[in-house]
Each structure stands twice: as structure tokens, then as C-alpha cells.
């Protein structure tokens, strides 16, 4: 295979991103001279997991990296094959927080060890007692989960001071936790908790209660505490557990009141997002052995306690033949070939990566999750003459995602025949999961006969930094942000450096036509695309993805609570697993740079 192709940077920001984030540089060693050297290192190190025909696999891995056709997560690009003591996994979810001072700070220690090793973390704070509850060990009262989020924030800021990459965290709280209102309001003040993304774990029962405006109970597990004389209890399967337990009802509030508070906070600060947690658990391929309470920092990978995922994205723009021409078309054979090889690449990452904690080793190895996704979708559509959000664009996206899904599953089956299925595989129960039942009969039969190497295979990450690396292609499945824009990227000293950037599709159109030529009608940007069009695109992609997708729905600056309510209800009805929104001009929207994207 061709392994010597030179990859060129067409944007100054791309060269800067490579030099400051992905080029192997350390004292006493000559830095990698080009990104081709980086790709050589990555292919060599990942292929070390192969016991047979290792050189052939190295060449194949190197070939899919060329020309930015496959973009491994930044953790992989920066760390594999180096002497850095870092994980190659983009993200983890931490174990349940024990509701005690020692348990809380042990959880903090584990999170900081993981962040120091380069992985973003998700933390569910629902297991911590609400503000004002009795703290019997100290004869005082509990300060509540929101107060401890500030402790995580402070510790993360200390780690960040010596790291060019921000340590990203997701904080989740259940919609029936007594402190849910304080959690919803936690980021209304600008600049608060900048390392955290917040999400409310919303249940189907809550959504139905909103529809009927029913009283909504706020509860917390009773545990070993005595039931108050006038106390009311109910049963809930609480975070970190798999069976129902008695919970004390602290109070009831109108479901619409809580709903309206959530809408107001989202309009004002773009947070918290929403996780449709019942759907996440219902549609989980490992429904039979996992209970999920939160996700990685950007929401594209719901994970169990101590679970992790390594990510990579196929750059769809590299498969467009004759872009902007009358005969523009997609290279389907090339797409399938890269999807299959990328699946094996990410599976091999499992066997060459450090995992920061022993508990993570156990959980991660049990499922061998990977997250193969896409980037450059919007640019690809423009090159093919399609408007983002049109029926034709949705049909093509569905066909692309179906091809990637089926190729990834078939490849994972083939690897299982060669190397064995993931340890947690149960033929009957895995085969009964809703997503697997939606696969072709041929794939289902293959799983039943040979097993499958990876419990989950697909996720669509935001891909912000690796998309900049690939000459500023549109990120993930987001629409084109702007034809030209100013982007700020943190340099090696941690300071922001600004660059004027041009969208990849716009640059290619200008290259093929006169610099003053009018841009094609299908080249629309975020401001031109309705929330409904964005949601429909998300729904199409989610239907082909077994993990989840990360995308922010943009609303115009004049959007009000009713507009947002309609969008959020539609997201639930369309089968999405999560929802994040940004109203143009709203405050408190500091960007969180997720490690590895």
C-alpha cells in the first residue's frame, strides 16, 4: 500500500494545532519533522497489538491516516508510541460517589488521576445527600452535590495550569434529586464551573409529568436512616444501583415549574443539557449487565461506572469525487474500506493503551467499546450539491451512516472470529438488544455464530480540534459555522492564539473557481438552518449509532421558552438520547475543549 503520501496543511491553524498538540516533542529528542512522521508513529504503535502480519497492518493503518481520511481521537494522535504516561482513551465515567467525606474525596482522587492521564470524565453527583440533610458522622448538615462540584472544579484548575489541554468534565444530576433546582441554576452566573458541562438525567416519568403538569416528587434514598414519623417513601432504582430501594420524598413541586426553570436556564446559559436516561438504558447493547447514569463530557458516549471509550472519525470530505461538479459523487468503496480498517485500528488501541485505574481496566476490557464516527458532514454535502437539512441530504446521510454501521459491525464480527468476543458478551441477551435487533439478519446471524469483538462501535464526537487539524473541515455533524471566521486555540503556553480560518468546502470552491465567484446556493451556514432541520439530521444519525451523538442545536437570539420547549419535546419524540442547546448571544457559554477531539 501507499505509505509515503505527504499530507499538507492548507490553514495556519492546522499547523499550529499539530505542533502544539500532536507533534511528539520532549526534552532531549528531535521533534517530529512533519505530520507524516506523526502518522508513521501512530500506525507503528497501534499495529503492535497485532500478532500476525504486523507490518501489513501498519501499512494499512498508515494508509487510512493519509490525507486526513481517518482522524483518530487526539489522545491517540498525541500519546501512542511516545514515552508520555497518558491514556489513549478520550473519555471515562467515574464510579459511584459514596455519600461520605472519605468516599467523596476518594472519588475526587480517582477523577484527578484520570484527568492527569488525559481522559475526560463524567461524574454523577446524584448519590450525594441534598443540601441541609443530616450528616450524622459530624453532627452537622450536608452541603449538597453542587457544593462538591466546586471542589472538582478547583482541583481540575490546578491540573490545567501545567497542561495545554483543558480537563473536561460532565456533571449529572437526576431530575428527581432534591437539589435539582440548584443544579439547574449552577451556571447562570458567567464564568462559574468552566471545566464542567452539566446535564440533567431526565426520565420518561418526568416527561409524562410535564405533559400532564402533575406534582413531581423530589426524593433521596433512605439508606439506613430511620423513616421520619410523617415521612413518605417511594421506590426508585437510584444511581449506582440496579435494584429498587426505598427513597424518602423530600417535597413535591409542579413538574411544569421544574421544566420551566430548566428551559429558562438553557436559554440564558446554554446549560444544563438533557440526557434522556431511560432511553439510554433501554437502548444500551449491554442492558443486561450495565446501569448507566451519565456520559462522557460531550455526551456522545453513555458509559457505566469506570467505563471508557476511544474515538476516531472518518473525514467524509475525502470521499467526494469531482466536488462541486455536475458528476459529483461519493466513493462508497473507499468509505467502506476506511470504515472497516478504522474499526480494527480502534480495537487495537484497547491493547496498547494505558488505563489510569484498575477499576477502569476491568470495566473497559469487559466491553471493548469503541466510538467510530464522522466529521466534515456539512462540507461533504455542499461539495455534492446538497443543502444541509434537505430531504436529499437526510437520505444520503442515512445511507452513509448505515454503510459505516454495517461495515463496523461486520468487521467486529470478523475480529471476534480471529481474536474472540468481548468478555461480557452473552449471545442471547446481546442479540435481544434493540439496536442489534435492528441490524440485518446476516449481521445478527454472524453475531450469534461468532460473537462480536466490541459491545458498541459507533459514536459521533464534536471533533473540534481534529477537524481544525484536517484543514478546518466542518465539525462532526454540525452545519458549516461560517465561510470565514476567527478561531482561538490555546498555544503551548496555555494562552489563546487567534487565527483567521476558511471553511474547507469554501476553500475548495474558491480553488476550483474564480476567487470572486458567488458561493453556491447549497452553501448554507448555521444561521440559515432551522432547529427542526438540525434535529432531523440528529435523528437520522442517531438511528444508526449505538452510543450517541454530540451536537448543539442552535437557536436564534430571539428564541423564547415556547420555541425551546417545542424543540426539546421534538428531540424526545424523535428518539434522541440527549439534547444541548445554544441560543445565539446567550451568556455563560464558555467552550470546554474535550481532550482528544
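Assorted remarks:
- Tally, over the range 83-100, of residues that are out of contact with any helix residue (DSSP H, G or I) (no Cβ under 8 Å at 6 or more places or on another chain) and not in a loop (DSSP other than H, G, I, E, B): 2
- Residues (in contact with a helix residue (DSSP H, G or I) (Cβ under 6 Å, 6 or more places away or on another chain), part of a loop (DSSP other than H, G, I, E, B) and touching a residue at least 60 places away in the same chain (Cβ under 8 Å)) located in the range 466-498: 470, 471, 472, 473, 474, 475, 477, 479, 491, 492
A quick yes/no check of all residues on (1) in a strand (DSSP E or B); (2) out of contact with any strand residue (DSSP E or B) (no Cβ under 9 Å at 6 or more places or on another chain); (3) closer than 24 Å to residue 114 by Cα:
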site: 263; (1), (2), (3): no, yes, no
site: 266; (1), (2), (3): no, no, no
site: 271; (1), (2), (3): no, no, no
site: 284; (1), (2), (3): no, no, no
site: 288; (1), (2), (3): no, yes, no
site: 291; (1), (2), (3): no, yes, yes
site: 299; (1), (2), (3): no, no, yes
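- Looking across the range 378-394 at every residue that is under 24 Å from the mean Cα position of the chain (by Cα) and in a helix (DSSP H, G or I), the one that is farthest from residue 326 (Cα to Cα) is identified as 394.
- Taking the listed residues 122, 144, 132, 167, the one that is modelled with pLDDT of 90 or more and in contact with a strand residue (DSSP E or B) (Cβ under 8 Å, 6 or more places away or on another chain) is 122, with no other qualifying.
- Flag for residue 364 being closer than 15 Å to residue 347 by Cα and in contact with a strand residue (DSSP E or B) (Cβ under 9 Å, 6 or more places away or on another chain): yes
- Matching residues in the range 309-359 - criterion: being in contact with a strand residue (DSSP E or B) (Cβ under 7 Å, 6 or more places away or on another chain), surrounded by fewer than 20 Cβ atoms within 10 Å (Cβ to Cβ) and farther than 30 Å from residue 519 by Cβ: 354
- The range 39-58 - residue that is in a helix (DSSP H, G or I) and under 26 Å from the mean Cα position of the chain (by Cα) and, of those, surrounded by the fewest Cβ atoms within 10 Å (Cβ to Cβ): 41
- The condition of being crowded, with 17+ Cβ neighbours inside 10 Å and within 27 Å of residue 458 (Cβ to Cβ) holds for only one of 92, 125, 148, that being 92.
- Remark: residue 447 falls outside the filter, which requires a residue to be surrounded by 20 or more Cβ atoms within 10 Å (Cβ to Cβ), within 24 Å of the chain's Cα centre (by Cα) and within 30 Å of residue 351 (Cβ to Cβ).
- Residue 75 meets the stated requirement of being touching a strand residue (DSSP E or B) at 6+ places or on another chain (Cβ under 9 Å) and assigned to a helix (DSSP H, G or I).
- Test: residue 372 is within 26 Å of residue 283 (Cα to Cα), in contact (Cβ under 8 Å) with a residue 40 or more places away in the chain, surrounded by fewer than 22 Cβ atoms within 10 Å (Cβ to Cβ) and touching a strand residue (DSSP E or B) at 6+ places or on another chain (Cβ under 8 Å): no
- Any chance residue 229 is touching a strand residue (DSSP E or B) at 6+ places or on another chain (Cβ under 9 Å) and over 30 Å from residue 191 (Cα atoms): no
- Note on the range 535-568: residues that are part of a helix (DSSP H, G or I), closer than 13 Å to residue 266 by Cβ and touching a residue at least 40 places away in the same chain (Cβ under 8 Å) total 4.
- So residue 428, is it part of a helix (DSSP H, G or I), at pLDDT 95 or above and farther than 24 Å from residue 330 by Cβ: yes
The values are calculated or read from the model by the stated rules, or taken from the named source; none is laboratory data. If you're wondering where the values come from, they're calculated on a predicted model, not measured in any experiment. Note that we place each Cβ from the backbone using ideal geometry, even for glycine, and neighbour counts take in every protein chain shown.
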